[in-house]
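A short worksheet on the structure shown next.
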Amino acid sequence: MLKHGILGLLNYHQLTGYEIMIVFRDSLYFFWNAQTSQIYRELQALEAKGWVSKASVPQQGKPAKNIYTITPEGHEELLHWLSDDEPTLSFRNQILMKVFFLGERSRADNIRYFEGLKEYCGIFFQSLDAAQKHVSEYSRFLDTSEKALYWEMTIDYGRRNMQMCIDWAQACIDRLSEDS
């Protein structure tokens, strides 16, 4: 999936690996985490497949910077991936795996766990305000503002998901507090 995320970004504008990492950090982090090393490794694989091209631009006193551009074959791959309308839900969730086994700990420890989870989700929820601001910044690369609408819908999903986590954590706290 990372390869398709990179292709999607390059479909909007040519970028360096560093700029791709910044975009991931600024706007995609709440649903897809990518390390710098993963991005560069994936860029090499995309280049080997002919889905991106790389141009080296000399810089004074610094190593040349590589600017990546999506190729027509890369654009075709992106469209192929986007045309797969079969929803694929990933059910790997570290929080739920941990909660499933929390019965091994004390209720007091678990209440603290859910309080911490609620606080973390609240912070994450607030951080989505910054992602919304980045939509405006990055939309300058778009040929139409229609595309930014989908970015906003993604942020809305993130907000709703975090609110659900906050509500669920509170319900768990309430349940553990009642039953003690």
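Before moving on, here are some points about what is shown:
- Taken over the stretch 19-53, the criterion of being farther than 25 Å from Tyr120 by Cβ and without any contact (Cβ under 8 Å) to a residue 24 or more places away in the chain is satisfied by Glu19, Ser37, Tyr40, Arg41, Gln44, Glu47, Ala48, Ser53.
- Between Ile95, Ile22, the distinction of being outside the structural domain of Trp168 (by TED's automatic domain parsing), at pLDDT below 95 and under 25 Å from Asp129 (Cα atoms) belongs to Ile22 only.
- From Ser83, Ser106, Ser53, residue being under 14 Å from Leu15 (Cα atoms) and small (Gly, Ala, Ser): Ser53
- Checked against the criterion of being farther than 30 Å from Glu47 by Cα and either outside the structural domain of Ile6 (by TED's automatic domain parsing) or touching a Phe, Trp or Tyr at 6+ places or on another chain (Cβ under 9 Å) (or both), the stretch 133-142 has at least one qualifying residue.
- Residue within the stretch 122-133 that is farther than 29 Å from Gly17 by Cα and more than 16 Å from the chain's Cα centre (by Cα) present: yes
- Comparison of Ile111, Ile173, Ile166 shows that the only residue that is surrounded by 12 or more Cβ atoms within 10 Å (Cβ to Cβ) and in contact with an Asp or Glu (Cβ under 8 Å, 6 or more places away or on another chain) is Ile173.
- Within the stretch 119-168, tally of residues that are in contact (Cβ under 8 Å) with a residue 24 or more places away in the chain and either on the phi > 0 side of the Ramachandran plot or among the basic types (Lys, Arg) (or both): 2
- Boolean, Met162 is under 16 Å from Leu28 (Cα atoms) and either not in a helix (DSSP H, G or I) or not small (Gly, Ala, Ser) (or both): yes
- Number of the condition not met by Ile95 [criteria: (1) surrounded by 10 or more Cβ atoms within 10 Å (Cβ to Cβ); (2) under 24 Å from Tyr12 (Cα atoms); (3) not aromatic (Phe, Trp, Tyr)]: (2)
- Leu89 vs. criteria surrounded by 14 or more Cβ atoms within 10 Å (Cβ to Cβ) and within 20 Å of the chain's Cα centre (by Cα): no
The values are calculated or read from the model by the stated rules, or taken from the named source; none is laboratory data. Please read all numbers here as calculations on a predicted model, not as lab measurements. Here the Cβ is made from the backbone with ideal geometry for all residues, glycine too, and neighbour counts use every protein chain on show.
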